[in-house]
1. I need the full set of residues from the range 321-338 which are near ligand 1 (Cβ under 10 Å from one of its atoms) and in contact with a strand residue (DSSP E or B) (Cβ under 8 Å, 6 or more places away or on another chain), in order please.
2. What are the pairs, 6+ residues apart or on separate chains, where a residue within the range 74-88 that is surrounded by fewer than 20 Cβ atoms within 10 Å (Cβ to Cβ) has its Cβ under 8 Å from a residue that is modelled with pLDDT of 95 or more and of a type in the set (D, E, K, R)?
3. Of all residues in the range 250-265, count the ones that are touching a helix residue (DSSP H, G or I) at 6+ places or on another chain (Cβ under 6 Å) and closer than 23 Å to Pro327 by Cβ.
4. Mind checking whether some residue in the range 279-292 is outside any loop (DSSP other than H, G, I, E, B) and among the β-branched types (Val, Ile, Thr)?
5. Quick check on this structure: which one of Arg431, Arg414, Arg418, Arg453 is surrounded by fewer than 19 Cβ atoms within 10 Å (Cβ to Cβ) and within 22 Å of the chain's Cα centre (by Cα)?
6. If you go through the range 333-365 one residue at a time, how many are closer than 15 Å to Ala239 by Cα and either surrounded by fewer than 19 Cβ atoms within 10 Å (Cβ to Cβ) or modelled with pLDDT under 95 (or both)?
7. Output the residue which, of all residues in the range 319-362 that are basic (Lys, Arg) and within 16 Å of ligand 2 (Cβ to nearest atom), is farthest from the chain's Cα centre (by Cα).
8. Using the structure shown, decide if Pro350 is touching a residue at least 60 places away in the same chain (Cβ under 8 Å) and away from ligand 1 (no atom under 14 Å from the Cβ).
Amino acid sequence: HQAMPDQAAPARSAAGDPALTDALQRIVGPAHVITDPAMLEGYVADRTGRWRGTTAAVVRPADTAEVSAVLACCHDAGAAVVPQGGNTGLVGGSVPLHGEVVVSTSRLTAIDNVDPVGRTLSAGAGVTVAAAEEKARRHGLTLGIDLASRDSATLGGIVSTNAGGLRMIRYGDTRSRLLGVEAVLADGRVLTRWKALTKDNVGYDLPGLLAGAEGTLGVVTRVLMKLSEPAGETAVALAGIPDVGEGLALVRALEHAGLIIEAAELMTRDGMRLVGDHLRLRAPLDVDAPYAVLVEVSGPAVQQDALLSVLAGRADAVLDAAVEHGPARRLWQYREAHTESVGVASSTPPVKLDVSTPLSRIEAFLGELGPGLSEHFPGVRPVCFGHFADGNIHVNLMDVEPAQQEAITDHVLRLVARHGGSISAEHGVGRAKLPWIALGREPVDLAVMDAVRGALDPARMLNPGLFHWAAAAHRGGD
Ligand code: 2HG
Ligand code: ZN
């Protein structure tokens, strides 16, 4: 093996440093420095219950100037910082695991402007996806990023994780929709790249670099997002299918018929049952198909019933289908309630492995995954679902004993790597995937990423537990 990049010693925790707490209070006001353990719960643990840590304090700055002063203060005190938005991440990336100061964006909620001509929205990092979408819709436009956690997930969070979500197939990922960004660097300097231009080739793509950096390069404080024309009339089909190949063939046939694909999601029999039990819903299909695919379509062809014609034309392969027109979300419930249903049904915090493979390998990947898991981890219940037409599958593993977590993660991620896939499709690396990062990137690539970080944050004050290659234990090459 080539040597992994060196790490600076992790920045220290500020727990029990009253001088720092006083200084932070002077910046943001005493009401916005939270140290009372009873009020810290929502900040130190993630929603799945898998990641939990401690914090010296949660600081809630009111604007970029306060974020800058807070970071400069923590920097001078040698105190590490974890930036946090809605804390809806699934890889432990926004949870303070070692006493770091949490810098919450919860007060950065101003929506500054929608430019209906240039089709942009500028807003604070703490604005939720739902609030930004509502604002965009008032101007007849859409943010284009949507995810089940829309009411809590923030713009700063979706930028920092480069979220994909339910509409990525149509509108692209967050990075591709980010035109400008304002972020505070580890030492308190404010980086502003803020031009509402679609064409602007002056140097490196720094907004693109901050997107997906998981808060290791800067604390995103404001974002300038591209808006798009929303779909007109839509229709949704939920189809029972015998295999994943038919799901992809159905999506292609719909495109061929002139329909615009707004979303394409895969579910399994087990996942559908779990949601049905949890929400007490009737089974939407008359057949008990091994897979179900949910497709939302738009475009003029919707009015010509192209969806029904395509389904009818594939009746040999499509085992049964339910169709819904308009904005109702009855069929979507089956997909959107997966995360919650898995969480409720699992006896231990679910292990969530968000992965992708080339489209041509999804079927083979899933075909090997099930038997491999039942052979090596017989008590574990896997539920796979996700944005399959982007190659993205959410492998959720229920009833994993804590002692099995590492081995089962290793098993799945190695299988992904063997199929030429990615160990993280859209959720990021966080703590969950960190030990396996070398399965996803080769050594020079890791070294370049580390050099970029070192240039911006030499002491690793920002999210020191992440992108910390020394913690990469599993280096692939099997
Ligand atoms: C989704 O697509 C989210 O609903 C969450 O990415 C996936 O719970 C999960 O594993
Ligand atoms: Zn997803």
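The values are calculated or read from the model by the stated rules, or taken from the named source; none is laboratory data. Remember, it's a predicted structure, so these values are computed and weren't measured experimentally. Backbone-built Cβ (ideal geometry, glycine too); neighbour counts: all protein chains shown.
1. Let us first name the residues in the range 321-338 that are near ligand 1 (Cβ under 10 Å from one of its atoms), namely 335-338.
The answer is Arg335, His338.
2. none
3. Just the residues of the range 250-265 that are touching a helix residue (DSSP H, G or I) at 6+ places or on another chain (Cβ under 6 Å), to begin with: 251, 253-254, 257-259, 261-262, 264-265.
Now restrict to residues that are closer than 23 Å to Pro327 by Cβ: 251, 254, 257-259, 261-262, 264-265.
Going through the range 250-265 one residue at a time, the tally reaches 9.
4. Going through the range 279-292, the residues outside any loop (DSSP other than H, G, I, E, B) turn out to be 279, 291-292.
From the residues that got through so far, the ones that are among the β-branched types (Val, Ile, Thr) too are none.
No: zero hits.
5. Working: Arg431 fails: surrounded by fewer than 19 Cβ atoms within 10 Å (Cβ to Cβ); Arg418 fails: within 22 Å of the chain's Cα centre (by Cα); Arg453 fails: surrounded by fewer than 19 Cβ atoms within 10 Å (Cβ to Cβ).
Matching residue, one of Arg431, Arg414, Arg418, Arg453: Arg414.
6. Residues of the range 333-365 closer than 15 Å to Ala239 by Cα: 333-335.
Then drop every residue that is not either surrounded by fewer than 19 Cβ atoms within 10 Å (Cβ to Cβ) or modelled with pLDDT under 95 (or both), which leaves 333.
Here the count works out to 1.
7. Taking the range 319-362 and keeping what is basic (Lys, Arg), we get 329-330, 335, 352, 361.
Restricting the remaining residues to those that are within 16 Å of ligand 2 (Cβ to nearest atom) gives 335, 352.
Details: Arg335: 16, Lys352: 12 Å.
Result: Arg335.
8. Details: touching a residue at least 60 places away in the same chain (Cβ under 8 Å): yes; away from ligand 1 (no atom under 14 Å from the Cβ): no.
No.
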